Each structure stands twice: as C-alpha cells, then as structure tokens.
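Novice: Before we start, here is the structure in question, set down as structure tokens.
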Amino acid sequence: MERERLDELTDRWRVRHDASRPPERPPADPDREALALRAFPYRTITPAVYVAEHGHNMVGFTYDDERYADADLDAWLLEVGRLLRGRR
C-alpha cells in the first residue's frame, strides 16, 4: 500500500513538473553546471546506455530543466530527460 501511494505521488509530481517547464530553458547556475559536469559521464557513455543502467533509480530527473554552457553536456542531459520521460 505504501509503495502504491509513493508511486501515485511520484506520478502526480511528474505531471505537474512537466506542465510547468518553461518553453525556453534558463541557464544553469555555475554550481549546478559544475555538479552536472562531475556527476554525469557524458563523454564516455551514451544517454541510452546511461538510462538503461540507471533510469530505474531516476524518478525525479530535473537536470534537463536548465541550459548548460557545455554544449555536449547540454545535449546529453536533454536526451537523458527525453529517454526517461519516454519510459514512463
């Protein structure tokens, strides 16, 4: 019962979050960009492989909400977000 409730709340959050995404992504602040650069292996693994390996643990991915100065990182995060939303 608790898992069902958590899944329901997660689904509601996802719907609200997706609906509130602005049409144009604001720039990421420097701290968030630095964290993303350290946390995501965008130079060594494809978004599809990353999502296949880690997607089940990523219920609230928000890194694609902002725009990153590193164009490769930005494109990689956008694709991860697209793939995660497609898995729902």
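The values are calculated or read from the model by the stated rules, or taken from the named source; none is laboratory data. It should be emphasised that the depicted structure is a prediction, and the values quoted were computed from it without experimental measurement. Cβ sites come from the backbone with ideal geometry, for glycine too, and all protein chains shown count toward neighbours. To get the accessible areas, we keep the full protein, side chains included, count just its heavy atoms, and leave off ligands, DNA and RNA. Shrake-Rupley method; radii C 1.70, N 1.55, O 1.52, S 1.80 Å.
Novice: Find all pairs meeting these conditions: Cβ atoms under 8 angstrom apart; at least six residues apart or on different chains; first residue within the stretch 70-82 and under 15 Å from Leu35 (Cα atoms); second residue of a type in the set (Gly, Ala, Ser) and assigned to a helix (DSSP H, G or I).
Specialist: Leu73/Ala36; Leu77/Ala36
Novice: Still on this model: Report whether or not His17 is at pLDDT 90 or above and either of a type outside the set (A, V, I, L, M) or not in a helix (DSSP H, G or I) (or both).
Specialist: Answer is no for this residue.
Novice: Which of the residues that make up the stretch 53-62 are part of a helix (DSSP H, G or I) and open to solvent by less than 40 Å² (accessible area, probe 1.4 Å)?
Specialist: Of everything in the stretch 53-62, just one residue is part of a helix (DSSP H, G or I) and open to solvent by less than 40 Å² (accessible area, probe 1.4 Å), namely Gly55.
Novice: Of Leu77, Leu73, Leu35, which residue is surrounded by fewer than 15 Cβ atoms within 10 Å (Cβ to Cβ), in a helix (DSSP H, G or I) and modelled with pLDDT of 95 or more?
Specialist: Of Leu77, Leu73, Leu35, the one residue that is surrounded by fewer than 15 Cβ atoms within 10 Å (Cβ to Cβ), in a helix (DSSP H, G or I) and modelled with pLDDT of 95 or more is Leu35.
Novice: Continuing with this model, one more query. List the number of the failed condition for Tyr42; all other conditions in (1) modelled with pLDDT of 95 or more; (2) outside any loop (DSSP other than H, G, I, E, B) hold.
Specialist: (2)
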